[in-house]
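The values are calculated or read from the model by the stated rules, or taken from the named source; none is laboratory data. If you're wondering where the values come from, they're calculated on a predicted model, not measured in any experiment. Counting neighbours? That spans all protein chains shown, and the Cβs are built from the backbone with ideal geometry, glycine included. These area figures cover heavy atoms from the full protein model, side chains too; ligands, DNA and RNA do not enter into them. Shrake-Rupley method; radii C 1.70, N 1.55, O 1.52, S 1.80 Å.
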Amino acid sequence: MTERRLHDALFMAASLLPLFIILQLATLALYASPETDDFCFSYHYADDGLLGTVALFYKSVIGRVLPMVLMCLPAMVARAIPLDMFVVYPLAMVAFLLALTAGGLWVCARLWTSASAALIFFFGITLTATIAVNALSFREMLLWMPGVACYLVPAIIFMIVFTCLITTAIGDTPLSRRATVALGGLCFLAATCNEFTIVWFMAAIAASFAVRDFCQFRNHITLAGCTLAGFLVVLAAPGNLVRMSSYPAGGKIWAAIDGASQWYAYDWGLLLQQPTMISWLALLASASIFVIGPKPITARKVLIVSVAAPALFLACSFITWFVAYGATGEMLALRARNESEVMIIMSLTFATLAVSRFAAQFLPARPSDVRSIGILICALLCLPLINSRAMTLYRTERGSFATFWLESVQRHATLSLSQDADIIVPTRTARPSLLMQEDLTADPSRLPNDCVAAYYGKKSVIMR
């Protein structure tokens with residue numbers, strides 16, 4: 001067996017653990033079912049169509065255009081095939097997990113353009129597994145459409161844009177007109193997803209501009225303009241005023257500064273304390289030093305990518321928390337912190353790679369046995385994924401998944417087939433936190449009861 005084939009075989013063997021983690025999470029996604037806002041968008045889509053639904057919510061609730069389209073997606077697919085939405089919904093969750101995996105593979109393919117497919121596969125699925133298991137709320141990241149549409153989608157787009165900008169900047173590759181147009185379109189779409197994404201994309205554009213010795217000003221100002229345009233679409237929505245009226249504690253600047261100051265670095269510290277995150281960064285350093293052939297990189301670029309960019313992203317964390325406190329007077333939602341987690345991981349990933357790549361170029365050539373040992377070290381560094389927060393919770397609640405799914409289907413059948421206008425459904429006996437958060441209440445006029453009743457064409461739906 002040649003050296004390359006041996007190393008590829010070792011990488012494929014090392015891939016088994018993170019691949020197992022992703023397959024378990026995909027299996028979990030098959031138990032997902034619609035909840036709260038899912039019913040609202042589904043029944044509005046049935047009554048008003050896609051454009052009517054987006055226009056209605058844009059005028060009365062939020063300005064997040066792309067997420068509104070995506071939240072109608074299960075209902076659109078269910079009607080087009082046709083197929084029951086309770087079948088389409090979990091399949092959509094699996095599809096988004098695959099999209100995150102594809103994003104991780106694409107990132108690693110751009111980081112190591114000359115590497116073998118086995119190496120890229122190993123790092124791609126390990127990056128995906130690291131992101132998934134470190135989510136502050138795994139359910140809101142990958143198992144609930146509003147969380148997926150508003151925060152996971154822009155996070156995946158950020159992974160692509162940030163990687164493309166920084167890798168081309170480090171490699172002294174200028175941004176072409178075609179690349180600028182494509183990245184600008186992605187920046188625009190991502191900025192329409194929520195009110196926080198703009199600061200992270202602006203930071204990524206600024207980092208790229210700095211690494212390029214402040215050249216290609218027009219390309220970067222175009223990207224910034226596209227990002228700002230998407231943000232203005234969100235900001236201009238008349239529904240923002242309606243939504244903000246429900247948060248009387250918002251609008252207090254000094255309280256927002258105080259709240260953000262207490263929490264903006266918390267997510268960084270929490271993430272850096274996780275064994276899975278420490279292992280991921282150590283894995284990157286080990287691969288760069290012992291396995292992957294070194295490529296030259298200047299000290300100036302290393303300093304920007306490893307120090308200036310993380311510092312800039314730390315400031316983005318503060319701004320994100322400040323906006324949340326300023327708008328609502330409340331803590332940043334877990335689903336929004338999920339998105340920030342992806343940005344932080346990407347920042348630290350590039351910082352670690354830059355430092356280890358710089359150090360590796362001063363080391364002697366690695367013989368085959370050293371590379372093989374490096375791959376084994378990388379495999380061992382995947383072990384903390386097994387005992388991560390998400391996987392520990394998965395093992396704890398696994399026994400309740402089937403019961404939860406059966407009760408969801410039973411409730412769906414009862415509401416669909418009953419001829420009564422007023423329905424009382426029994427309470428659940430299984431409530432796994434990985435699969436649900438809010439449930440029906442005894443008040444038929446509040447969310448989600450009102451939307452569930454409208455979706456099934458009932459006068460009222462309550463839970464006993």
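When you scan the stretch 433-464, how many residues do you find that are open to solvent by 40 Å² or more (accessible area, probe 1.4 Å) and part of a loop (DSSP other than H, G, I, E, B)?
12
So that you can scan it fast, the table gives a plain yes or no per residue for (1) open to solvent by less than 10 Å² (accessible area, probe 1.4 Å); (2) touching a Cys at 6+ places or on another chain (Cβ under 7 Å); (3) farther than 19 Å from Glu339 by Cβ:
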residue	(1), (2), (3)
Thr113	no, no, yes
Ile125	yes, no, yes
Phe158	yes, no, no
Phe196	no, no, no
Phe217	no, no, yes
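Report, by residue number, each residue of the stretch 235-256 that is within 26 Å of the chain's Cα centre (by Cα) and assigned to a helix (DSSP H, G or I).
Selection gives Leu235, Gly239, Asn240, Arg243, Met244, Ala256.
Can you tell me which of (1) surrounded by fewer than 18 Cβ atoms within 10 Å (Cβ to Cβ); (2) in contact (Cβ under 8 Å) with a residue 60 or more places away in the chain is the one Arg371 doesn't meet?
Answer for Arg371: the failing condition is (1).
Yes or no, residue by residue, for (1) part of a helix (DSSP H, G or I); (2) charged (D, E, K, R); (3) open to solvent by 60 Å² or more (accessible area, probe 1.4 Å); (4) touching a helix residue (DSSP H, G or I) at 6+ places or on another chain (Cβ under 7 Å):
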{"residue": "Ala260", "(1), (2), (3), (4)": "yes, no, no, yes"}
{"residue": "Asp267", "(1), (2), (3), (4)": "yes, yes, no, yes"}
{"residue": "Leu283", "(1), (2), (3), (4)": "yes, no, no, yes"}
{"residue": "Pro310", "(1), (2), (3), (4)": "yes, no, no, yes"}
{"residue": "Trp321", "(1), (2), (3), (4)": "yes, no, no, yes"}
{"residue": "Tyr325", "(1), (2), (3), (4)": "yes, no, no, yes"}
{"residue": "Leu332", "(1), (2), (3), (4)": "no, no, no, yes"}
{"residue": "Arg337", "(1), (2), (3), (4)": "yes, yes, no, yes"}
{"residue": "Leu348", "(1), (2), (3), (4)": "yes, no, no, yes"}
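Residues Ser388, Ser408: which one is in contact with a helix residue (DSSP H, G or I) (Cβ under 8 Å, 6 or more places away or on another chain), open to solvent by less than 30 Å² (accessible area, probe 1.4 Å) and more than 30 Å from Arg464 (Cα to Cα)?
Step by step, each of Ser388, Ser408 is checked, and only Ser388 is in contact with a helix residue (DSSP H, G or I) (Cβ under 8 Å, 6 or more places away or on another chain), open to solvent by less than 30 Å² (accessible area, probe 1.4 Å) and more than 30 Å from Arg464 (Cα to Cα).
Please specify each residue of the stretch 397-448 satisfying the condition of being free of Cβ contacts under 8 Å to residues at least 60 places away in the same chain and of a type in the set (Val, Ile, Thr).
Within the stretch 397-448, Thr403, Thr414, Ile423, Ile424, Val425, Thr427, Thr429, Thr441 meet the criteria.
Hey, any hits in the stretch 216-229 for a residue that's of a type in the set (Phe, Trp, Tyr), closer than 21 Å to Ala169 by Cβ, in contact (Cβ under 8 Å) with a residue 40 or more places away in the chain and part of a helix (DSSP H, G or I)?
Within the stretch 216-229, not a single residue is of a type in the set (Phe, Trp, Tyr), closer than 21 Å to Ala169 by Cβ, in contact (Cβ under 8 Å) with a residue 40 or more places away in the chain and part of a helix (DSSP H, G or I).
Specify the residue that is farthest from Arg212 (Cα to Cα); the eligible residues are those in the stretch 160-174 that are buried (at least 22 other Cβ atoms within 10 Å of the Cβ) and of a type in the set (A, V, I, L, M).
Of everything passing the filter in the stretch 160-174, Val161 is farthest from Arg212 (Cα to Cα).
Consider Met343 carefully, then state whether it is closer than 14 Å to Asn194 by Cβ and either open to solvent by less than 10 Å² (accessible area, probe 1.4 Å) or not in a helix (DSSP H, G or I) (or both).
When the stated conditions are applied, Met343 passes them.
Identify, from the list Trp200, Trp254, the residue that is open to solvent by less than 30 Å² (accessible area, probe 1.4 Å) and of a type in the set (Phe, Trp, Tyr).
Unique residue meeting the criteria: Trp200.
Name the single residue, out of those in the stretch 411-427 being in a helix (DSSP H, G or I) and more than 17 Å from Leu30 (Cβ to Cβ), that is least open to solvent (accessible area, probe 1.4 Å).
The residue in question is Leu415.
Residues that are within 25 Å of Ala229 (Cβ to Cβ) and open to solvent by 10 Å² or more (accessible area, probe 1.4 Å), at least 1 per element: which helices (runs of 4 or more DSSP H) completely within the stretch 1-82 meet that?
37-60, 65-71, 73-80
Going by the structure shown, is Phe209 farther than 28 Å from Thr53 by Cα, touching a helix residue (DSSP H, G or I) at 6+ places or on another chain (Cβ under 6 Å) and without any contact (Cβ under 8 Å) to a residue 24 or more places away in the chain?
It is true that Phe209 is farther than 28 Å from Thr53 by Cα, touching a helix residue (DSSP H, G or I) at 6+ places or on another chain (Cβ under 6 Å) and without any contact (Cβ under 8 Å) to a residue 24 or more places away in the chain.
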